[in-house]
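S.K.: Sharing a structure, written as structure tokens. Questions coming.
The values are calculated or read from the model by the stated rules, or taken from the named source; none is laboratory data. All values reported here derive from a predicted model rather than from experimental measurement. Don't worry about glycine lacking a Cβ; one is built from the backbone with ideal geometry, like all the others, and counts go over all protein chains shown.
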Amino acid sequence: MSGSNTPSKKSHPLNVSGVVEVSEILASLNNLSFTWRNSTVSITCNGWDNANEREYNGILTGYSATEHEVGDERCYTIKGRMIPAPDCADFQIYFDPIHKIDSGPSETFIGRLHDNTAASGFGIVAAKTEIADLNSDAAILVFVMKHTDYRPEVRFPCVVQSDKSTHEFEVEYRMRPTPNLKKTQGLIQEGKETLAHGYIVDWNAEHNRWIVDRIAEGAKVTGINIASGHQSVTKKKAAAGAQVTPTGRVKPANTPTKPAPVTPKKRTAPAGKAKGRVRPAAAIAEDGPDANLDEGDVVEEAITTPVKKRGTANTKSKGRAPAPVEQEEEIDEDNFDNEFEDAFEPPAQGTSTGRGTQAGRVPRRPRGA
């Protein structure tokens, strides 16, 4: 992992989602229209192996206007990042109030709240061990992950911090030897970045950390994801005046240089092309005899083709007499009869019904009755 791609601050959050019950509306941070608004919610658990049924109160914090504030004695489906207190069971959940789902009043809510707070933790495995499973011959893998998250503002009952520094905490994860997770236990290694999914089921008072597990009865198995680290990429080339951040991002210059516009030069006609031009004879006569011409040189004269002008037809011309018209000869009918005599016979009439088409063509079959 190259140093240029290493973030300046670690970020290994613990994200939770589920239905929470609002029991009290707390005072907001200030009187601004958009501000941090707090309320009291609870996480209910049955305990490890259903032996410790408890309800743990915490603070639900969201940055929004008054219209998106949660209501008292109501249940909401939310998703946010959870930051536990270091030495008690108090916690704080930061969520987006715009994306909450109102599940109705607390009295009419018929869903299940115990062991139903889902957790997805991304952290570094600090330690691992095994404990016996009473329901199986295989052991239960227990590993602890360290998490690091950022707190914009903190209002814990048992801890007060006004700075915006990072907060480190530990969460205990227990992986039962189920058919889907038994072979996955070998992937958990100390020092590895791991993403674990499960449900908050209990609070470990001895080590002051939450216990995340799968629900013991009738639930689907959660998953494990092992991070593979950064990938080596080619460094980006920065332009003149640009800067490269520690994470490898190229910041462009404030005033990038623009290339100067290039004006194309006008090309002059070569001198050799002027040799083919022919000077008119009138110009040659005015210049007089050229001393440089030899006796055998012949001066080419420009030959102009005469253009025929078309005269406009003037039917009402006064100076012109009309053209004489020859009279047609009369054809004597006797000459016509003498030429063909009896050899000329008119064509015979066919068997047509006389019902010709509009174009004169006889139809193939008679039309109508």
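S.K.: If you go through segment 14-32 one residue at a time, do you hit one that is modelled with pLDDT under 85, among the polar types (S, T, N, Q) and either part of a strand (DSSP E or B) or over 18 Å from Asp72 (Cα atoms) (or both)?
M.R.: yes
S.K.: I've got another one for you. Collect the residues in segment 38-59 that are within 10 Å of Glu21 (Cβ to Cβ) and of a type outside the set (S, T, N, Q), keeping them in residue-number order.
M.R.: Listed by number, the residues that qualify are Val41, Ile43, Glu55.
S.K.: Applying the selection to segment 53-66, what residues are at pLDDT below 90 and of a type in the set (Asp, Glu)?
M.R.: If the condition is that a residue be at pLDDT below 90 and of a type in the set (Asp, Glu), then Glu53 is the only one that fits.
S.K.: Run Ile98 past the list (1) part of a strand (DSSP E or B); (2) within 29 Å of the chain's Cα centre (by Cα); (3) surrounded by fewer than 16 Cβ atoms within 10 Å (Cβ to Cβ) and report the number of the one that doesn't hold.
M.R.: (1)
S.K.: Separate question: Restricted to segment 176-193, and to residues that are out of contact with any Leu (no Cβ under 8 Å at 6 or more places or on another chain) and touching a residue at least 60 places away in the same chain (Cβ under 8 Å), which residue is farthest from Thr148 (Cα to Cα)?
M.R.: Gln189
S.K.: Would you check if there is a residue in segment 49-62 being in a loop (DSSP other than H, G, I, E, B), under 36 Å from the mean Cα position of the chain (by Cα) and more than 17 Å from Glu172 (Cα to Cα)?
M.R.: Scanning segment 49-62 turns up no residue that is in a loop (DSSP other than H, G, I, E, B), under 36 Å from the mean Cα position of the chain (by Cα) and more than 17 Å from Glu172 (Cα to Cα).
S.K.: Looking at Asn31, is it polar (S, T, N, Q) and over 30 Å from Val125 (Cα atoms)?
M.R.: On the way: polar (S, T, N, Q): yes; over 30 Å from Val125 (Cα atoms): yes.
It is true that Asn31 is polar (S, T, N, Q) and over 30 Å from Val125 (Cα atoms).
S.K.: Next question. Can you pull out the residues in segment 172-210 that are surrounded by 21 or more Cβ atoms within 10 Å (Cβ to Cβ), among the β-branched types (Val, Ile, Thr) and more than 37 Å from the chain's Cα centre (by Cα)?
M.R.: If the condition is that a residue be surrounded by 21 or more Cβ atoms within 10 Å (Cβ to Cβ), among the β-branched types (Val, Ile, Thr) and more than 37 Å from the chain's Cα centre (by Cα), then Val201 is the only one that fits.
S.K.: Follow-up question, since we're still on this one. Sort out which residues of segment 100-148 are among the small types (Gly, Ala, Ser), farther than 30 Å from Lys9 by Cα and touching a strand residue (DSSP E or B) at 6+ places or on another chain (Cβ under 8 Å), and write them in order of number.
M.R.: Here is the first cut: in segment 100-148, the residues among the small types (Gly, Ala, Ser) are 103-104, 106, 111, 118-121, 123, 126-127, 132, 136, 138-139.
Now narrow it down to the ones that are farther than 30 Å from Lys9 by Cα: 103-104, 106, 111, 132, 136, 138-139.
Scanning segment 100-148 gives Ser103, Gly104, Ser106, Gly111, Ala132, Ala139.
S.K.: Additional query: Those residues that are charged (D, E, K, R) and under 16 Å from Lys100 (Cβ atoms), I need them from segment 35-59; list them, please.
M.R.: Residue satisfying the conditions is Arg37 alone.
S.K.: Out of the residues in segment 77-95 meeting the condition of being among the charged types (D, E, K, R) and at pLDDT 90 or above, tell me which one is farthest from the chain's Cα centre (by Cα).
M.R.: Asp90
S.K.: Tell me which of these Arg74 doesn't satisfy, since it passes every other one: (1) basic (Lys, Arg); (2) modelled with pLDDT under 95; (3) surrounded by fewer than 18 Cβ atoms within 10 Å (Cβ to Cβ).
M.R.: (3)
S.K.: Might you let me know whether segment 149-161 holds any residue that is out of contact with any Gly (no Cβ under 8 Å at 6 or more places or on another chain), under 24 Å from Trp48 (Cβ atoms) and at pLDDT 90 or above?
M.R.: The initial filter retains those residues of segment 149-161 that are out of contact with any Gly (no Cβ under 8 Å at 6 or more places or on another chain), namely 149-161.
From what is left, the residues that are under 24 Å from Trp48 (Cβ atoms) are 158.
Okay, now just the ones that are also at pLDDT 90 or above, so none.
The answer is no; no qualifying residue exists.
S.K.: Out of the residues in segment 204-230 meeting the condition of being in a strand (DSSP E or B) and closer than 18 Å to Gly18 by Cα, tell me which one is modelled with the lowest pLDDT.
M.R.: By that ranking, first place goes to Asp213.
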